[in-house]
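Before any comments, here is the structure.
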Amino acid sequence: MIDSHAHLEMPEFAVDRAAVVDRALAGGLTRILTVGTDVESSAAAVELSGRQPGGFCGRRLSSHLAGRCGRAELEELVRIASAPKVAAWGEIGLDYFRNPAAREEQRTLFEAQLAIAGDLALPVVIHDRRGPSGPAGGPATHRQGRAQGGRALLLGDAELAADLLDLGYFISIPGTVTYPKASGIRAVAAAVPLGGMLIETDAPYLAPVPLRGKRNEPPSSPTQLARSRASGASRSRKSPGGPPENARALFGWPRG
Ligand SMILES: [Zn+2]
């Protein structure tokens, strides 16, 4: 199993990070993509991926970059992206739900980062959060980027997911798929073929039922993974190995 999106660099794991990684590896995870959300956390994620004391296993932790930042930080992110274990650029995206920045400003930064990721030949990891007034970036925006990557549809939009699959993106299913009111995400999970699906925890956030409300950690509950897979398989068009193979192909990781 591979966790395609977690935030192990976050302070929620400061006390027992090594134990969390040990548990994840013992639980069957072979890789965790640790994701920053700004310059500081991206640097921390890269640093974490290069360390191997205690339970850390460098080759099994990969980091990548993030981008809720201003244009001034982009140069620094490009510099950080030259680290050997950086596997993707992200998470980036548009958030009209919680991010107070102006939409136009967000869109400009998002498009700039899609272009940078393309120049660096890195896949992008996109965070999607729709606000009450509509989708936070439709396929037209993503078509402008040359990079392809994973996209977490946190609120669920099966139509957008289908469009993004057509563009070559993978759709990443988080633990929210187990929440009673998350019918949108379940619809996405049911519609996305296993060949287009990634599995993520977004730890320390989005702990699945029955751990909802607690700190999430990879590999959260097998329930989430089982449900995601089962629902995704129900309408699978193709299944060349499923989420772990997809993650390996996207992030350029060898087996093991
Ligand atoms: Zn995240």
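What the table below lists for this structure:
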quantity: Selection count where residues are touching a Lys or Arg at 6+ places or on another chain (Cβ under 8 Å) and away from the ligand (no atom under 16 Å from the Cβ), scope the stretch 32-45; calculated: 0
quantity: Any hit, the stretch 6-28, residues being part of a loop (DSSP other than H, G, I, E, B), more than 11 Å from the ligand (Cβ to nearest atom) and on the phi > 0 side of the Ramachandran plot; calculated: yes
quantity: Yes/no for residue 149 being surrounded by 19 or more Cβ atoms within 10 Å (Cβ to Cβ), in contact with a strand residue (DSSP E or B) (Cβ under 9 Å, 6 or more places away or on another chain) and modelled with pLDDT under 80; calculated: yes
quantity: Some residue of the stretch 189-203 being farther than 13 Å from residue 1 by Cβ, within 16 Å of the ligand (Cβ to nearest atom) and either modelled with pLDDT of 85 or more or surrounded by 15 or more Cβ atoms within 10 Å (Cβ to Cβ) (or both); calculated: yes
quantity: Residues satisfying the stated conditions in the stretch 159-207, i.e. of a type in the set (Gly, Ala, Ser) and not in a helix (DSSP H, G or I); calculated: 168, 172, 182, 203, 207
quantity: Residues satisfying the stated conditions in the stretch 174-188, i.e. aliphatic (A, V, I, L, M) and either within 16 Å of the ligand (Cβ to nearest atom) or crowded, with 24+ Cβ neighbours inside 10 Å (or both); calculated: 177, 185, 188
quantity: Selection within the stretch 159-211 - of a type in the set (Phe, Trp, Tyr) and under 22 Å from residue 37 (Cα atoms); calculated: 169, 170, 205
quantity: Close pairs (6 angstrom Cβ cut-off, 6 or more residues apart or separate chains): assigned to a strand (DSSP E or B) in the stretch 75-92, hydrophobic (A, V, I, L, M, F, W, C) and away from the ligand (no atom under 16 Å from the Cβ) anywhere; calculated: 88/122; 89/117; 89/122
quantity: Condition met for residue 154 (hydrophobic (A, V, I, L, M, F, W, C), at pLDDT below 60 and within 30 Å of residue 15 (Cβ to Cβ)); calculated: yes
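The values are calculated or read from the model by the stated rules, or taken from the named source; none is laboratory data. Remember, it's a predicted structure, so these values are computed and weren't measured experimentally. Glycine also receives a Cβ, built like all others from the backbone with ideal geometry; neighbour counts cover every protein chain displayed.
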